[in-house]
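Inspection log for the structure reproduced underneath, given as structure tokens.
The values are calculated or read from the model by the stated rules, or taken from the named source; none is laboratory data. This is a predicted model, so every value here is computed, not measured. For neighbour counting, all protein chains shown are included, and Cβ atoms are generated from backbone atoms with ideal geometry for every residue, glycine included. Heavy atoms of the whole protein, side chains included, go into the accessibility calculation; ligands, DNA and RNA do not. Shrake-Rupley method; radii C 1.70, N 1.55, O 1.52, S 1.80 Å.
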Amino acid sequence: MGDSRAYPLFRSASATDTLTLARRLCSLMEKRDPVVELTAELQTAEDVRRMVDVLPKAVYRAQGVPFDSYQWTHEYRADTLPRDSYGIVTMVPFRVDVEVPVDEELEDLFVQALGGGPASIYWDGSWPDVPELDLKAHAKYEAVQVVFNSLDPDGELPADEHTVFVHLSKFGDLPRAEWLARQVGAEVLGESVPGR
């Protein structure tokens, strides 16, 4: 982690507006990976049930129980989770982190299933050259990330807002961040922070 620098470009209380702007940034990518990473902390039994409906094949890691050295895991498939809400409540929060093929419908369903915990959608790719600004594309570290219910890329600063970040080279690239922001009618909202 920390191999990119992430610049916040947009913040809103609307998850839909935030996701829309992130997709507009993705459309600027010269190349985009065919998979997207979905990550969420599920804090209630209802959160878990909604997410299982969206990601039934994902692995759910229980964060609210002591490590089971006999089974050597905290990981559960959807079909092995407790059936009753009480059983799930004794294990929350859960974390789900899965890579899936890029699919806007699935991404929309993922966002609709979120509760109040931190979550993120991360699209890896590469930005184009911008000759008029002498900006060259990098082969690594470039991405768009939308973070829900948090002000930072790692989901450690809880908020009632959602943030779009652009990830750039590990050296930072403020001119590119500003160029990207202009392309989608946004602006750089602050200093870069460690990315991924």
Q: Averaging sequence separations of C-alpha pairs under 8 Å and six or more residues apart, then dividing by the length of the chain, give the relative contact order as a whole percent.
A: 37 percent
Q) How big, in percent, is the set of alpha carbon pairs in the range 111-173 lying more than 16 Å apart? A) 52 percent
Q.
Rounded to the nearest 10 Å², what accessible area does residue 120 have for a 1.4 Å probe in the complete protein model?
A. 10 Å²
Q: Rank these residues by their accessible area, most exposed first, probe 1.4 Å: 18, 90.
A: 90, 18
(Q) Taking the 0 to 90 degree range and rounding to the nearest ten, how far is the long axis of helix 15-26 tilted relative to the main principal axis of the chain, both from C-alpha atoms? (A) 50 degrees
Q) With axes computed from alpha carbons, what is the tilt in degrees of helix 104-113 against the longest principal axis of the chain, rounded to the nearest 10 within 0 to 90? A) 50 degrees
Q: Could you state the angle between the C-alpha long axis of helix 45-54 and the longest principal axis of the C-alpha atoms of the chain, as a value from 0 to 90 degrees rounded to the nearest 10?
A: 60 degrees
Q | More than 25 Å apart - percent of Cα-Cα pairs taken over the chain | A | 38 percent
Q: Enter the accessible area per residue of the range 1-143 (Å², integer; probe 1.4 Å; all protein chains in place).
A: 54 Å²
Q: With runs of 4+ DSSP H residues as the only contributors, calculate the mean residue ellipticity of the chain at 222 nm using -39,500 (n - 2.57) per run, divided by the residue total and rounded to the nearest 500.
A: -7000 deg cm²/dmol
**Q.** FRET efficiency estimate (nearest 0.05) - Cβ-Cβ, residue 191 to residue 159, R0 25 angstrom
**A.** 0.90
**Q.** Cβ-derived FRET efficiency at R0 30 Å, residue 134 paired with residue 102, nearest 0.05
**A.** 0.45
Q: Could you pull out every residue, at least 5 positions away or on a different chain, whose amide H is within less than 5 Å of the one on residue 35? Hs are placed 1.01 Å off N in the peptide plane, and Pro or chain starts have none.
A: 102
**Q.** Candidates 170, 136, 31, ranked by Gaussian network fluctuation over the chain, Cα under 10 Å, top entry
**A.** 136
Q) Dipole magnitude of the range 88-196 about its Cα centre, charges +1 at Lys/Arg Cβ and -1 at Asp/Glu Cβ only, in debye to the nearest 20? A) 320 debye
(Q) I'd like to know which of 100, 6, 133 lies farthest towards the positive end of the charge dipole of the chain, counting +1 on Cβ of Lys and Arg and -1 on Cβ of Asp and Glu. (A) 100
